[in-house]
1. Being open to solvent by 50 Å² or more (accessible area, probe 1.4 Å) and out of contact with any strand residue (DSSP E or B) (no Cβ under 9 Å at 6 or more places or on another chain) narrows it down to one of Ser120, Ser115, so name that one.
2. Looking at region 81-98, which of its residues are surrounded by 14 or more Cβ atoms within 10 Å (Cβ to Cβ) and touching a residue at least 60 places away in the same chain (Cβ under 8 Å)?
3. Within region 72-86, which residues are aliphatic (A, V, I, L, M) and over 17 Å from Gly137 (Cα atoms)?
4. Val105 passes all but one of (1) at pLDDT below 95; (2) within 15 Å of Leu44 (Cα to Cα); (3) among the hydrophobic types (A, V, I, L, M, F, W, C); which number fails?
5. Could you tell me whether region 45-60 includes any residue that is surrounded by 18 or more Cβ atoms within 10 Å (Cβ to Cβ), out of contact with any helix residue (DSSP H, G or I) (no Cβ under 7 Å at 6 or more places or on another chain) and at pLDDT 95 or above?
6. Restricting to region 66-80, name every residue that is in contact with a helix residue (DSSP H, G or I) (Cβ under 9 Å, 6 or more places away or on another chain), open to solvent by 10 Å² or more (accessible area, probe 1.4 Å) and not β-branched (Val, Ile, Thr).
Amino acid sequence: MIPGSQLAQDLSREWDRCAAEGLPLTLLVVSLDHRLAGDHDAALTHLERALHVHCARDHDKVTRRADGIFIAFLPDTLPPGAQHVGEEIVEAMHQTPVPTDTVSVGLATVVPSASGEPASLLTRAERALHAAQAQGGDRCAGGSAPAPAPRGVLAQLRDLLPKTKKGPDQKRDTD
């Protein structure tokens with residue numbers, strides 16, 4: 001990853017947000033495999049569409065890294081959910097009228113910490129992608145469970161607030 005690149009900035013921003021909230025962050029690295037038939041540009045367009053369909057939550061983000069390689073940020077997504085998304089993307093490439101390229105997906109999940117290194121998550125996802133490709137491609141690989149969640153800054157702040165429960169007859173001053 002090139003320091004100062006848009007990818008580095010996006011990863012750092014998502015890492016910091018998830019670390020503050022104590023949420024897992026999953027990366028998918030999606031790559032077109034060898035060309036089977038057809039138009040490469042059409043395959044890229046289909047892949048990009050599939051990514052945007054299956055990574056469609058408001059806080060998901062898809063970015064193009066290079067020709068035929070995309071990165072999907074899936075905050076607050078655990079490995080089983082990310083594995084499902086990855087498999088759906090692989091399957092979407094089979095749903096074209098004339099099958100073109102296949103894709104491989106590598107995924108990695110971590111619960112970021114303030115002292116952690118964001119680039120390590122990308123490295124793990126890239127290794128998973130290479131493992132998927134080494135197994136013949138057209139598959140999703142990776143998905144190890146994240147480490148236990150560290151206490152995020154927001155969770156620590158919530159603990160500082162007094163815990164009071166309002167009964168059904170109690171109202172706030174603004175009610």
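1. Ser115
2. Ala82, Gln83, Ile89
3. Ala72, Leu74, Leu78, Ala82
4. (1)
5. yes
6. Once the filter is applied, which keeps residues that are in contact with a helix residue (DSSP H, G or I) (Cβ under 9 Å, 6 or more places away or on another chain), open to solvent by 10 Å² or more (accessible area, probe 1.4 Å) and not β-branched (Val, Ile, Thr), region 66-80 yields Asp67, Asp76.
The values are calculated or read from the model by the stated rules, or taken from the named source; none is laboratory data. Note that the coordinates shown come from a computational prediction; the quantities given were computed from them, not determined experimentally. Every residue, glycine among them, receives a Cβ derived from its backbone with ideal geometry; neighbour counts consider all protein chains shown. Surface areas here come from the heavy atoms of the whole protein model, side chains and all, with no ligands, DNA or RNA. Shrake-Rupley method; radii C 1.70, N 1.55, O 1.52, S 1.80 Å.
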